[in-house]
Amino acid sequence: MTPFRQRNPIIIGVVSLLAIAGLLFVAYRADSLPVIGAGKEYSAVFSESAGLRAGDEVLIAGVKVGKVTGVKLHNVAVLVTFRAKGADIGDRSSASIQIKTLLGSKFLAIDPAGEHELSADTPIPLERTAAPYDVVEAFNALTNQVDQLDTTALANGLRTIATTFRDTPDAVRTSLDGLSRLSVTIASRNDQIAHLLNNTNKVSGVLAARNGDITAILSDGSKLLEELRAREDAISRLLDGTRRLSEQLRGLVRDNQGQIGPTLRELDRLTDTLQRNQENLVAGIRRLGPFITLFNNTLGNGRWFDSYLDGLLPQPIGAGR
């Protein structure tokens, strides 16, 4: 057998590159693999896509089981394909597109039902699917449509209608006069309305750019509420213990009020005495230091006291002569 070092390095390099390319392809297409992939593929027919996109989550009872793989037209409806792993989706299952965040992110919710498994070739029919009304998209569309209105032409048209129906009954004429005044008001506020709509578009853009941050804030707030809910019993026990301690302290003070009062008065007099003699105490403590230093020297020559006392005995008579 030829040693590895003596083999053709070109062949070895080509085989290595092919192996790396194969591994990268397997990693890129891992979701399509039968064992480690994202699960079996299903489909559902909706009346509209409602902003659902490929890559959005697929949830069953709030648990992620897969993701949407495609959204495309199917006759006059929309065909949504998705994969689900570890879930039993029956032939009577229903599906709905739900709003995930306040900024319009969506997910596909599946409600499994049925005795037999749903076939990959048989999509969930239109009568068992539901699409939400997207308020964000509707508001953006309204903004674009209103921004394109010619308010001056609208005001002239309404004014012309009011003039034409001037001789109609009072009720109709009053309504048209009010409509005319409304058109004049709209025309006079044309610049302000355009500025408002422009700012609305800017706000929508900022919110869309901060979608991840807002989602994180909402998620953190939910975690905080869950933690407070988990700590509810501990907080309740702490408050109950504090209340009982307060009652015990109140009873202790009430039962020993006769002893506590004189004790506090004596403590007050002691504090007053110490305060009046503060200077003497400070001077005594200051002078105690040198005395302690000299007194310690009496033990410095061994296991005995070595000291000298002057004037302890009287001087003998005639000793000084």
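The values are calculated or read from the model by the stated rules, or taken from the named source; none is laboratory data. Keep in mind the model is a prediction, meaning the values are calculated, not measured. Here Cβ is always computed from backbone atoms with ideal geometry, including for glycine, and neighbour counts include all displayed protein chains.
Return the only residue of Leu197, Leu249 being more than 30 Å from Thr152 (Cα to Cα) and surrounded by 10 or more Cβ atoms within 10 Å (Cβ to Cβ). Give the steps one after another, and end with the answer.
Numbers: Leu197 fails: more than 30 Å from Thr152 (Cα to Cα).
Criteria check complete, one pass: Leu249.
Pick from Thr174, Thr215, Thr185: which is under 30 Å from Lys100 (Cβ atoms), assigned to a helix (DSSP H, G or I) and modelled with pLDDT under 75?
Result of the check over Thr174, Thr215, Thr185: Thr215.
Determine whether the stretch 189-208 contains at least one residue that is free of Cβ contacts under 8 Å to residues at least 12 places away in the same chain, closer than 25 Å to Lys100 by Cα, aliphatic (A, V, I, L, M) and assigned to a helix (DSSP H, G or I).
yes
Name every residue in the stretch 41-56 that is surrounded by fewer than 18 Cβ atoms within 10 Å (Cβ to Cβ) and not in a loop (DSSP other than H, G, I, E, B), in order of residue number.
Going residue by residue through the stretch 41-56, those that are surrounded by fewer than 18 Cβ atoms within 10 Å (Cβ to Cβ) are 41, 47-48, 51, 53-55.
The answer is Glu41, and nothing else.
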